[in-house]
1. Over the alpha carbons of the stretch 83-141, what is the largest minus smallest coordinate on each principal axis, giving the biggest first in Å?
2. What is the distance in Å between the Cα centroid of the stretch 106-166 and that of the stretch 245-296?
3. Taking every eigenvalue of the Cα gyration tensor of the chain, multiplying by 5 and rooting it, what semi-axes result, largest first, whole Å?
4. Under the rule of -39500 (n - 2.57) per DSSP H run of 4 or more residues, summed and divided by the residues of the chain, what mean residue ellipticity at 222 nm is obtained, to the nearest 500 deg cm²/dmol?
5. Based only on other Cβ atoms within 10 Å, what is the fewest-to-most ordering of Thr312, Thr231, Thr103?
6. If one takes the longest principal axis of the Cα atoms in the chain, at what angle in degrees, from 0 to 90 and to the nearest 10, does the Cα axis of helix 18-27 lie?
7. Hey, what angle do you get for helix 356-368 against the long axis of the chain, alpha-carbon based, 0 to 90 degrees rounded to 10?
8. For Ser121, list long-range residues whose amide hydrogen, built 1.01 Å from N in the peptide plane, is under 5 Å from its own amide hydrogen.
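FYI, it's all coordinate maths here, none of it is from the lab. Predicted model, so just to flag it, every value in this text is computed and none were measured. Virtual Cβ from ideal backbone geometry, glycine too; neighbours counted across all protein chains shown.
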Amino acid sequence: MPRVLYVSKPIVPPWHDGSKNLVRDVATSLTRHRATVLTSEGVAPPDGVDGLVAYGDAARGRFAPTLRANARVAAVVAASTGHSIWHFVFAPNWPSSSASRMTLVAGRLRGVRRVVQTIASRPKHFRSVGALLFGDVVVCLSEWTRGRFLAAGVDGRKLVVVPPCARPLRDVAPEEGAALRERLDVGDAPLVVYPGDLEVSRGARSVAAAIAALAGRVPEARVIFACRAKTSGAVAAEQALRASLTQSGVLDRVRFVGELPELAVLLAEASVVALPADDLYGKVDVPLAVLEALALGVPLVLARGGPLETVTTASFVDAADTQGLADALAHLLESDAARAEQAAAGKALYARVFRPEVVAARYEEIYEG
């Protein structure tokens, strides 16, 4: 059985990073290839795949490994044997792409016949982006990203689109949902969940600005901001949102829950998930929370005009259109039929496009190409 070496962040818990989860879920779903993933010291690989220790214990939980960690990875990968396919999964940048090119010299000498490069998240900008691409095949996670590469002059013959994937969330017991609602003091209110960042995109500000209009139509609704701090600016961003919500008189309708150990219970209790994010820098093209909500059948309101349009069953609004966002949310909250229709369509789309088994099969075709 041909063996594939995945070169990425360490494939270790916690499982709330879209690119790590993508590697884990594809690697464990292969049927015609054997996967090896990079791990940290003292951490076993996921069941069904082999592990190659390339990171120290300090790398666990890091979203961006240090330069020293990257150098260690390059050395470990260059010395590895027995893999005919190397699959790189990371956001393209000069240090990582340069190190990968040098490592590939050793790989070709050791029998690597095919190199796949998945763009885990878009680069900061697309100027001279072709110099960051080194794969025999370059995989974009959406047609939007592929279009940006084409516009930057990248040869379209090496670009393919394979969407990201996510495992369905675990089943949630009714008492877990009840306990969460009690902790948040929301009673049986319909919940709108925003699972994005506070400081990178305008998504959180757009949701906050839409709450007053939403309250005029669905006064019982409560909005939950479930946001992991991505940068040092997260605290200031939350403070600014709280001040704005206080000025609008709607702070009592909002809960800030920060980073949760998992989203399963919150998404299971959600009536709608809202992510009107105009900038997904640092995230996979369709973020993990969106895919998990889709699998659960939670209706989605997403930003128009970017990679989120991959989720064709969602409702779409312009990221800056707060009234349109309020209207879209209110429509779903007011209509059981509208929610049920989108939920069914979303589940079908997930099963057809975003399941790990489906995405892994697409990659196996690329490996064999």
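1. Computed over the stretch 83-141, the largest-to-smallest principal extents equal 34, 21, 14 Å.
2. Using only Cα atoms to place each centre, the spacing works out to 29 Å.
3. Values: eigenvalues 283, 83, 79 Å².
Largest first, the chain gives 38, 20, 20 Å.
4. On the way: 12 runs with 144 residues, N = 369.
For the chain, the value works out to -12000 deg cm²/dmol.
5. On the way: Thr312 10, Thr231 13, Thr103 22.
In order of increasing Cβ crowding within 10 Å: Thr312, Thr231, Thr103.
6. That works out to roughly 50 degrees.
7. 30 degrees
8. Distant-sequence amide H within range of Ser121: Ala91.
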